[in-house]
Amino acid sequence: MTCAAPIRRRPASIRTMAGVSNRRVLLAEPRGYCAGVDRAVVAVERAIEHYDETVYVRHEIVHNKYVVDRLRSQGAVFVKEVDEVPEGSLVIFSAHGISPKVREMAAERNLRTIDATCPLVTKVHKEAVRFAKEDYDILLVGHEGHEEVEGTAGEAPDHTQIVNSPDDVASIEVRDPSKVVWLSQTTLSVDETMETVDRLRTRFPLLASPPSDDICYATQNRQVAVKKIAPDSDLVLVVGSANSSNSVRLMEVAKENGAKASHRIDAVEELQDEWFEGVETVGVTSGASVPEILVEQLLAELAERGYGEVQPVRTATEDLMFSLPRELRQEMRKQGEDDRRTRPSARAAEASCNDGIA
Ligand code: SF4
C-alpha cells in the first residue's frame, strides 16, 4: 500500500484579480483502496515475483486503469476468458469473483489457479448456494453484465433473477411468494438498494433477507463519507474508472446529497476548466479500487488551481486486512518465502502510515 505523501498546502485565502477567495478541499476519509482490492493487487505482484513464468489474470484484477496498466508493465497478461490462457499455465481470478463454470473451464485446460476473489464476495456466493439448496427464488439486486453479478448468479443460475433497479420490481415473477430472498452486489448505492428492497417487500411480504449486509463495509463507508462532504461542496470529484461500480455510485451519491456538481475522473488530465467556474469548495474522494497516488496527483493539481487548503473529513476508521489467497500462500511456504500479505519493505512503510490498512 502507498502511504500518502504529505499534502501540499497553500494559504486558505488567495488574492485573485477579483479579490480574496476562500478556496478549499474537503477530503473524504475513508476513501480509496479497500481490503479486498489491496489483497488482489498484492496477490498479482507477489505471483509475478514468485513464479518464473507468465502470470495470466482473468479480467481486470480490479476496476482501475492505472492499477491494471502498472501490473501489465510488470509482466501480468490480462485475458477475457480462460480459453485464452495456454494449457497448464497459471491464472489469477479477479477480486470480483467467478462462477463455478469458469472454475470448470480452467480445470478442463489444466490451468493452475489463484483465486483472488474478495472474501466478502465469496460470502455472497455462499449465501446464494445455501438459499438455492433450500429452493428459494433468489432476487439478486445488481447490475446485469457486471462480473461480480455474473459470478454470484452463476452459483445458482436456475434460482436467480437479477434486479437491476427499483423499476424492475413490478415485472418479477416467482414460483412461491413465501420462499423468496434478496441478495445484492457488494458495491451498490445503499439508498437505491434499500428502495429496491422496499418495493420487493411490498410485492413479496415474506421476502427473506441476507444474514448480514451484502453491500460491503468499504462501499458503505465511502458513501457515508461522501454524503458528509457533499452538502458543503460546490463540486465533488471522484477518482475512479468508468467500469468501477463503487466509484460511479460515489459520484451519484454526491449529487443526490447536495453537491452542486459531481464528476468522476480516471486521472487529473481529465479535469475541465469550466467545472471550476464559481467553485469555492471542492469535495474529493476515490473509489475502492483507486491507489492513493492518483488522489495525491489530484490534490497537487487543485493546489495549482488555488485550492491549497485541504480539510480531511473522517467518518470511519478502517483496519480490515485479508491474508493472501490460499493457493499463493501454500506455494510460497513451500519455497520458504514469507507468505504474509505484503513485502517487508511495504510493511515498514505501512507502519509509518497512521491511516490504517484498508
Ligand atoms: S469493494 Fe468490498 S467487496 Fe469489493 S473488493 Fe473491496 S471490500 Fe471486497
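The values are calculated or read from the model by the stated rules, or taken from the named source; none is laboratory data. Given the structure is predicted, the values throughout are model-derived calculations rather than measurements. Counting neighbours? That spans all protein chains shown, and the Cβs are built from the backbone with ideal geometry, glycine included.
Summary table
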| read-out | value |
| --- | --- |
| The range 113-132, residues that are closer than 16 Å to residue 102 by Cβ, away from the ligand (no atom under 16 Å from the Cβ) and part of a helix (DSSP H, G or I) | 129 |
| Total residues in the range 289-310, condition within 16 Å of the ligand (Cβ to nearest atom) and either touching a His at 6+ places or on another chain (Cβ under 9 Å) or without any contact (Cβ under 8 Å) to a residue 12 or more places away in the chain (or both) | 1 |
| Condition met for residue 196 (among the hydroxyl-bearing types (Ser, Thr, Tyr) and closer than 27 Å to residue 255 by Cβ) | yes |
| Checklist (1) within 16 Å of the ligand (Cβ to nearest atom); (2) part of a loop (DSSP other than H, G, I, E, B) applied to residue 206, failing item | (1) |
| Qualifying position, being among the acidic types (Asp, Glu) and within 20 Å of residue 212 (Cα to Cα), among 148, 173 | 148 |
| Scan of the range 148-197 for residues that are away from the ligand (no atom under 16 Å from the Cβ), part of a strand (DSSP E or B) and closer than 15 Å to residue 129 by Cα, ordered by number | 160, 161, 180, 181, 182 |
| Test: residue in the range 133-140 that is closer than 24 Å to residue 244 by Cα, modelled with pLDDT of 95 or more and part of a strand (DSSP E or B) | yes |
| Residue within the range 93-113 that is closer than 22 Å to residue 336 by Cα and either modelled with pLDDT under 95 or in contact with a strand residue (DSSP E or B) (Cβ under 7 Å, 6 or more places away or on another chain) (or both) present | yes |
| Condition check for residue 165: surrounded by 15 or more Cβ atoms within 10 Å (Cβ to Cβ) and of a type in the set (S, T, N, Q) | no |
| Residues of the range 231-259 classified as part of a helix (DSSP H, G or I) and either surrounded by 24 or more Cβ atoms within 10 Å (Cβ to Cβ) or without any contact (Cβ under 8 Å) to a residue 40 or more places away in the chain (or both), total | 11 |
| All positions within the range 266-293 that are buried (at least 21 other Cβ atoms within 10 Å of the Cβ), under 11 Å from residue 238 (Cβ atoms) and within 16 Å of the chain's Cα centre (by Cα) | 285, 286, 287, 290 |
| Residues being in a strand (DSSP E or B) and within 30 Å of residue 299 (Cα to Cα) - total across the range 20-61 | 9 |
| Where a residue in the range 260-277 is of a type in the set (S, T, N, Q) and its partner, wherever it lies, is part of a helix (DSSP H, G or I), with Cβ under 8 Å and at least six apart | 262/230; 262/251; 262/252; 262/254; 262/255 |
